[in-house]
Amino acid sequence: MKNYKLVTIFVNERPVTAPVEPHESLLDFLRHKAGAVEVKCGCNQGDCGTCTVLFKGKAVKSCLVLALQANEKDVRTIKGFTGDFLMEKLQESFVRNGAVQCGFCTPGMLISSYAFLQANPQPTREEIKTAISGNLCRCTGYKKIIDAVEEAAFGEASTKKATSSGSPEISEGQEEVKGTYLLLGGG
Amino acid sequence: MISCDYFKPSEVGEALKLVSQFKERALFAAGCTNILPDIHSGKQKDCVLIDISDLEELTGISKCGNSMRIGSSTTISELLDSSLIRDETPLLYEAALNFADPVVRNRATVGGNLAYASPAADMAVPLLALDSRVVVQSLDQGLREISLREFFVGPGKTVLSPSELILRVEFNLSQNFKVFYVKVGKRNAMAISLASLGLALKIDQTIKDARLALGALAPTPIRAWRTEDFLMGKFPEDKVMEEASEILLSEINPISDIRGSREYRVELTRSLFKRAFRAILSGERGLS
């Protein structure tokens, strides 16, 4: 017999009410009950970080939170940052630096980076590496991701030297559109 | 099929009533960094989840005289954010820095790490070296204090009765120790320890006090008592270090698993101990 309980979770400020099983994860709730498929399910056991969201102001892996533990609480997915200065700066920097390859890790990478830069706006490269160490990128694009976070923190000029010929030149208008689509995630 | 139930008590007393009602089926849920993977893998199928994650009584890091208190639902990130921990207990701080990854550290708790009782529990090594006491409570046994050295009895097993809840961990601050912590895993982040070691030495010409704790090298996290005894009163020199490392190897009992062989872990232990000993003597990372 299934033992459902009703929860209301504020997903990007929108209240979503649905029945959940006691052991259901916040990740399952977000994807299957709230339609927030921008939150990706990778390993489902806390290793890969693709399901990272902002919960109680901290970056957490939503597969490691019970949906019931988020009852009456705020959760922010990558779609909940419209107009947020820091997140937009990060997203633009990811696009500019070619830090998105297949895009699967990107929502989690962005949220981990966002929470990190909020607490530590002027990080060293080593600190950036540690900050995203809970998020796996299997396209092996770590260098460009680190470049992107560094550039978001210090501005474009700071990484020009470090990346040199690393990032491809693409006309800016075109890239914006493609980038925004990728970063928001489709399915 | 998974059949779980869920309760969210609003205070510790209510949590204790619930756990005494459901006994073995009851599981305290805080960070859930072990519970949810265990449910997903089928290891945990039938349980009553008692959500203690918002119980204020279990939070907080405080210093009371010479004694440090850490609430059981303190997250590893909260340890790292605490200037008390950073300044006064560098061994614990170092272990927290090497715990899982920054995102998991936002959820994983000190109490949960101890209660799960993995032989590789990363909080156990520094807390063992700090001679910690675990303060627990239940309806039938009331409040009791358990020395951490008697807490673990096997992989995943502790002396806790099914109805006991860990309230906090306490230890006395000791001055003038120089400490060194090292953890070896397959990678830097999200690694389960292949071996971890925490060494604390108080040296005034000779070794006045020695504490050595080890993780992932025996069925539980352990203190190397005989090695410690041997070190007491000795001059901190190479010959003593070599002899101590031989004694140390007779105290561990590592297994071969997916992360490394028994033979490798034995050699690793020898080398980690020497690294720690030399680092303390040379003052490199000489955290007191």
What is the number of the single condition among (1) touching a residue at least 24 places away in the same chain (Cβ under 8 Å); (2) surrounded by 24 or more Cβ atoms within 10 Å (Cβ to Cβ) that B:VAL103 does not meet? (1)
On the basis of being within 17 Å of B:PHE277 (Cβ to Cβ), out of contact with any His (no Cβ under 6 Å at 6 or more places or on another chain) and in a strand (DSSP E or B), does B:PHE171 make the cut? no
Quickly run through the range B:134-168 and pick out the residues that are under 19 Å from B:ALA200 (Cβ atoms) and either outside the structural domain of B:GLY111 (by TED's automatic domain parsing) or open to solvent by 80 Å² or more (accessible area, probe 1.4 Å) (or both). B:ARG149
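Residue-wise test of (1) surrounded by 23 or more Cβ atoms within 10 Å (Cβ to Cβ); (2) part of a strand (DSSP E or B); (3) within 14 Å of chain A (Cβ to nearest Cβ).
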site	(1), (2), (3)
B:PRO37	no, no, yes
B:GLU57	no, no, no
B:SER62	no, yes, no
B:ARG69	no, yes, no
B:GLU78	no, no, yes
B:TYR93	no, no, no
B:ALA96	yes, no, yes
Exception for B:ASN176 within (1) open to solvent by 10 Å² or more (accessible area, probe 1.4 Å); (2) within 30 Å of B:THR33 (Cβ to Cβ) falls at (2)
Working only within the range B:253-283, note down all residues that are open to solvent by less than 10 Å² (accessible area, probe 1.4 Å), within 14 Å of B:ALA216 (Cβ to Cβ) and either aliphatic (A, V, I, L, M) or without any contact (Cβ under 8 Å) to a residue 12 or more places away in the chain (or both). B:LEU272
How many residues are on the phi < 0 side of the Ramachandran plot and either out of contact with any strand residue (DSSP E or B) (no Cβ under 8 Å at 6 or more places or on another chain) or open to solvent by 60 Å² or more (accessible area, probe 1.4 Å) (or both) when one looks only at the range A:29-47? 11
Name, by its number, the condition in (1) open to solvent by less than 10 Å² (accessible area, probe 1.4 Å); (2) free of Cβ contacts under 8 Å to residues at least 40 places away in the same chain; (3) more than 22 Å from B:TYR116 (Cα to Cα) that does not hold for B:ARG187. (1)
Within the range B:1-35, track down each residue that is open to solvent by 50 Å² or more (accessible area, probe 1.4 Å), among the polar types (S, T, N, Q) and part of a helix (DSSP H, G or I). B:GLN21
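Pick out the one residue from B:ILE50, B:ILE85 that is touching a residue at least 24 places away in the same chain (Cβ under 8 Å), touching a helix residue (DSSP H, G or I) at 6+ places or on another chain (Cβ under 7 Å) and assigned to a strand (DSSP E or B). Before the answer, list the steps.
Values: B:ILE85 fails: assigned to a strand (DSSP E or B).
Just one listed residue meets the conditions, B:ILE50.
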Could you identify the single residue in B:LEU199, B:LEU217 that is in the same structural domain as B:GLY260 (by TED's automatic domain parsing), in a strand (DSSP E or B), buried (at least 24 other Cβ atoms within 10 Å of the Cβ) and touching a strand residue (DSSP E or B) at 6+ places or on another chain (Cβ under 7 Å)? B:LEU199
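Residue check: is B:SER83 surrounded by fewer than 23 Cβ atoms within 10 Å (Cβ to Cβ), more than 14 Å from chain A (Cβ to nearest Cβ) and polar (S, T, N, Q)?
Numbers: surrounded by fewer than 23 Cβ atoms within 10 Å (Cβ to Cβ): yes; more than 14 Å from chain A (Cβ to nearest Cβ): yes; polar (S, T, N, Q): yes.
It is true that B:SER83 is surrounded by fewer than 23 Cβ atoms within 10 Å (Cβ to Cβ), more than 14 Å from chain A (Cβ to nearest Cβ) and polar (S, T, N, Q).
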Let me spell it out: the conditions are (1) of a type in the set (Lys, Arg); (2) over 16 Å from the mean Cα position of the chain (by Cα); (3) outside any helix (DSSP H, G or I), and B:ARG211 meets all of them except one. Which number is the exception? (2)
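Yes or no: the range B:230-246 includes at least one residue that is open to solvent by 60 Å² or more (accessible area, probe 1.4 Å), among the small types (Gly, Ala, Ser) and part of a helix (DSSP H, G or I).
No; the residues of the range B:230-246 include none that is open to solvent by 60 Å² or more (accessible area, probe 1.4 Å), among the small types (Gly, Ala, Ser) and part of a helix (DSSP H, G or I).
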Evaluate the following for B:SER193: is it outside the structural domain of B:VAL103 (by TED's automatic domain parsing), in contact (Cβ under 8 Å) with a residue 24 or more places away in the chain, part of a loop (DSSP other than H, G, I, E, B) and hydroxyl-bearing (Ser, Thr, Tyr)? yes
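Among the residues in the range B:115-126, are any over 22 Å from B:PHE28 (Cβ atoms), more than 14 Å from chain A (Cβ to nearest Cβ) and either within 11 Å of the chain's Cα centre (by Cα) or at pLDDT below 95 (or both)?
We begin by selecting, within the range B:115-126, every residue over 22 Å from B:PHE28 (Cβ atoms); these are B:125-126.
With more than 14 Å from chain A (Cβ to nearest Cβ) added as a condition, the list becomes B:125-126.
This time we only want the ones that are either within 11 Å of the chain's Cα centre (by Cα) or at pLDDT below 95 (or both), so: B:125-126.
Looking for residues that are over 22 Å from B:PHE28 (Cβ atoms), more than 14 Å from chain A (Cβ to nearest Cβ) and either within 11 Å of the chain's Cα centre (by Cα) or at pLDDT below 95 (or both), one finds at least one in the range B:115-126, hence yes.
Going through the range A:77-98 one residue at a time, which ones are part of a loop (DSSP other than H, G, I, E, B), of a type outside the set (D, E, K, R) and open to solvent by 10 Å² or more (accessible area, probe 1.4 Å)? Talk me through it step by step, then tell me what you get.
Taking the range A:77-98 first, the residues part of a loop (DSSP other than H, G, I, E, B) are A:77, A:81-84, A:97-98.
When the remaining residues are screened for being of a type outside the set (D, E, K, R), the result is A:77, A:81-83, A:97-98.
Matches in the range A:77-98: A:THR82, A:GLY83, A:GLY98.
The values are calculated or read from the model by the stated rules, or taken from the named source; none is laboratory data. Small disclaimer: the values here were computed from a predicted structure and weren't measured. All Cβ positions, glycine included, derive from the backbone under ideal geometry; neighbour counts span all protein chains shown. What goes into the accessible areas is simple: the full protein's heavy atoms, side chains included, and nothing from ligands, DNA or RNA. Shrake-Rupley method; radii C 1.70, N 1.55, O 1.52, S 1.80 Å.
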